[in-house]
Amino acid sequence: MTVQTTGEATILAEERSPWLWTAARWLEARLRPHLGWVVLLVCMLLSLLPAMAMRVNRWVDLNSFQAVVDWMGPLGVAGTWLVLGWRRPGPGETGPRRALAAAVGLMLLGPFLLSQFLVGWLPGPLALWRAAQTGAWSSLLAEMAGDWLRLLSRYGTWWQGVQAGGAAQDDLVFAGVAGLVLWTVGVLTAWLVRRYRQGLLAAAPSLWLLGTILLYSSGGRSLLVTGLALAALLHLLLDFHTLLRRWEALALDFNPGLLWDRLAAAAAAVFLVLFVAAVMPNLYIGPIAYRYFDFIAPYNQRLEEMARRLFPDVKGTSRLPGGQLAGGLPNEFLLAGGPDLSATEIMRVRTNDAVYSDYPFEDVAPPGHYMRSGTFAVYDGKGWQNPSDLTTLDQSADDRWGGISLDGRKLLVQTVFLSINSSVLYAAPEPIEASVDYRLLYRQPDDLVALRARESSYTVVSAIPAVNEEMLRAVPDWGETNPVPEELAVHLQLPDTVTPRTRELAQELTAGLDGPFAKAQAIEQYLRTFTYDLTVPPPPADVADVADYFLFDLQRGYCDYYATAFVVLARLAGLPTRFATGFAVGHWDPYEQIWIVTEAEAHSWPEVYMPPYGWIPFEPTAGRPELSRVAAPGFSGGLASNPGPSTPTEVDLTPEESAWSWQLLFWLVPLGLLLWGVWAWLARWRAGREDPWTELLRHGRRLGRPMEAGETVLEYGRELAAHITTHQARTPDTGRIVAREILALSRAVSDMLYGAAARREQAMRQASEHWGRLRGYLRGLRVRA
């Protein structure tokens, strides 16, 4: 057996393979593109980012066409390098005529490649061989012509639909249009690099398209950070290339390692900028931002309307005021098929609702509430919109909106942490106060549309309905003696598309019923008999009124259909009704004591105006539980289901978290996860070593009520609970929760110390459970002196 040392192996490898290394270096030198491989690669990556943004946000499920869209940008870069000269500047960069010829060639090359990728009209080698053997060139040409005709017919059919007011979604057409746009961006990127040698200028087309896509998307923000880093790298490479040419022209000596020094300095600068962007608050000047939004809103609305006409199934989400209010709905209110909703987290909501149960000290979920984004008033037979003459009002933080009557309502405080980029403040209806500056949109003072502000966390106060069915049944019916106010007339208007059979159904459902609540409830119960179905197809193109289509033809659907049909029937019955959209109740996290709302809770529902209580919600959707209505003052009411005390009018609106910007450094994520894991482990370790009673005594001293000499465990528990209830500086609900848990903890500790031996282990476990719930409340608790 022969043993070979490492040194010997290295020598032999060098002796055997120099020709391979030489050949590789020769091939690389012969194929090296103008400005180098790294510049070419960076340009291709930049042009790839917009397609990746569309893929990440699932704008359209293109299936086999997805790869075509992904690679058209990089192919545009490579094609420009080939046309303008792969290894050195070609004739296309020297004169205007040649430059024009090169541009025309590139614009023809893009559609040529794209059509081949989409339909494969060019014959392959095997087809050419067979045609040469058999002489069937005419049949081969006929097949090529047939492929082109099929492609052109698809585009022709799509364009006819666009001219008719709305095209049917055709993924091949979308892939073709998107591919041409991305090819153009790739061509512009490569041309700007070769023409001006300015990296930031050359990256502008790709970054502009990427930013536009992200503006209408909810994900992919890390792609923008990646794009900025690539732009900085490209600018540095091109700048260094310019310096090299200058030094070589001046015959100056230089160190080749200078490039790495410049790269290190630039990387440090990029890191500093991105780090500051990640940790600094997302600040903006409200008046300037709102003026910009007002200026851009009409153009944005026209852009969205054009996009809906061209490609109705594109699942983009507008982040500009004036776009769709839903923020989480995947359709434009009955203009498409069933929604494709995911478990993506939208927001987390913490309320001041107390936890109540039939069993003392049992931890159950507090009442949940619908989170409304906005309301709509105008129905056109296809969907919903708002009048163009909405009133806007800029409100300062903590200023209460006085347009909402508090009759039959209780105040609810919610702290919202958004996981999406939104320009809408979500809140339980009706919001009257927020902890941030916002813009109020309304039709009338008591007819809110939406609250606009670009915040990731905020606290909002809402006046939610707290009336029972008996109180609502006592509301008088509209009529000659009680006419509908003129300002509510918009909520009775209906288009001419409403059919006679829809009018007959409304009359049939409400005949003989007295009062608006009885009529609305009859419509609600009738609609709840329809089948809830998220898989319904889009309405046929010849459907003029989707309410009629749902009521008599489809008879199944999801929330938008139910809510629209309810509003139409209620208006036909003489009830002022509007269309509301937002999110239904999410799921309760007992550990974090917070509601988690996902995209799957995207919802719409109707609201009926019933004076003096204002807008009252109804739930006609069969896939959602019926609303529970309980009366004030001793009940939570509204969309909740558990009783609880009313909330005082003075509340603290200090947000629990700052609104940080979204630009997180992706390479810090592992470090953040590691630090979070260490912190969580230390917290669990510390919690396991805490003695509940000792910790309660420590917090009691901090809160101004230490244990006095001679006090028993039960006596101190009662006195500390009374002290907190009396002097708690925030909401009394929190004080009552803390007092209740203190009483339970003192009883468990008393049983543990003085109870029967058989109960001590159970008492110790109960004491730990009660302390686990108390710990979070006591840390942030403050009392008045």
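The values are calculated or read from the model by the stated rules, or taken from the named source; none is laboratory data. Since we're looking at a predicted model, the values are computed, not measured. With ideal geometry, Cβ positions are generated from the backbone for all residues, glycine too; neighbour counts draw on all protein chains shown.
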* Asked: Does S217 fit the bill of being outside any helix (DSSP H, G or I) and not aromatic (F, W, Y)?
  -> yes
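In region 706-785, which helices (runs of 4 or more DSSP H) lie fully inside it and hold 1 or more residues that are under 41 Å from the mean Cα position of the chain (by Cα), modelled with pLDDT under 80 and buried (at least 18 other Cβ atoms within 10 Å of the Cβ)?
On the way: elements: 713-727, 732-754, 757-779.
So the answer is 732-754, 757-779.
Residues checked against (1) under 28 Å from N63 (Cβ atoms); (2) among the aliphatic types (A, V, I, L, M); (3) surrounded by fewer than 16 Cβ atoms within 10 Å (Cβ to Cβ):
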| position | (1), (2), (3) |
| --- | --- |
| W86 | no, no, yes |
| R97 | no, no, yes |
| M107 | yes, yes, yes |
| F112 | yes, no, yes |
| F117 | yes, no, no |
| G124 | yes, no, yes |
| A127 | yes, yes, yes |
| Q133 | no, no, yes |
| S139 | no, no, yes |
* Select from region 582-632 the residues that are closer than 27 Å to Q555 by Cβ, buried (at least 24 other Cβ atoms within 10 Å of the Cβ) and β-branched (V, I, T) and list them in ascending order. => V608, T621
* Kindly list, by first and then second residue, each pair from a residue in region 361-377 that is under 21 Å from T598 (Cα atoms) and at pLDDT below 75 to a residue that is assigned to a loop (DSSP other than H, G, I, E, B) and small (G, A, S), limited to pairs with Cβ atoms under 6 Å and residues at least 6 apart or on different chains. => V364/S357
* Qualifying position, being modelled with pLDDT of 65 or more, touching a Cys at 6+ places or on another chain (Cβ under 8 Å), over 20 Å from S422 (Cβ atoms) and assigned by TED's automatic domain parsing to the domain that holds A178, among L230, L234 -> L234
* In region 141-170, the residues that are surrounded by fewer than 17 Cβ atoms within 10 Å (Cβ to Cβ), modelled with pLDDT under 80 and assigned to a helix (DSSP H, G or I) -> Q160, V162, Q163
* Name every residue in region 495-507 that is in a helix (DSSP H, G or I) and polar (S, T, N, Q), in order of residue number. => T502, Q507
* Might you let me know whether region 251-261 holds any residue that is at pLDDT below 70, out of contact with any His (no Cβ under 8 Å at 6 or more places or on another chain) and of a type in the set (S, T, N, Q)? => yes
* Is one or more of the residues making up region 612-625 over 30 Å from R473 (Cα atoms), more than 22 Å from the chain's Cα centre (by Cα) and at pLDDT 90 or above? -> no
* Asked: For the subset of region 553-576 comprising residues that are among the charged types (D, E, K, R) and part of a helix (DSSP H, G or I), which member is farthest from V608 (Cα to Cα)?
  -> D553
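Residues in region 61-70: is at least one touching a Leu at 6+ places or on another chain (Cβ under 8 Å), aromatic (F, W, Y) and within 16 Å of G176 (Cβ to Cβ)? Walk me through it before giving the result.
Applying the first criterion (touching a Leu at 6+ places or on another chain (Cβ under 8 Å)) to region 61-70 yields 65, 68-70.
Within this subset, residues satisfying the condition of being aromatic (F, W, Y) are 65.
Next cut, within 16 Å of G176 (Cβ to Cβ) only: 65.
Yes: region 61-70 contains one or more residues that are touching a Leu at 6+ places or on another chain (Cβ under 8 Å), aromatic (F, W, Y) and within 16 Å of G176 (Cβ to Cβ).
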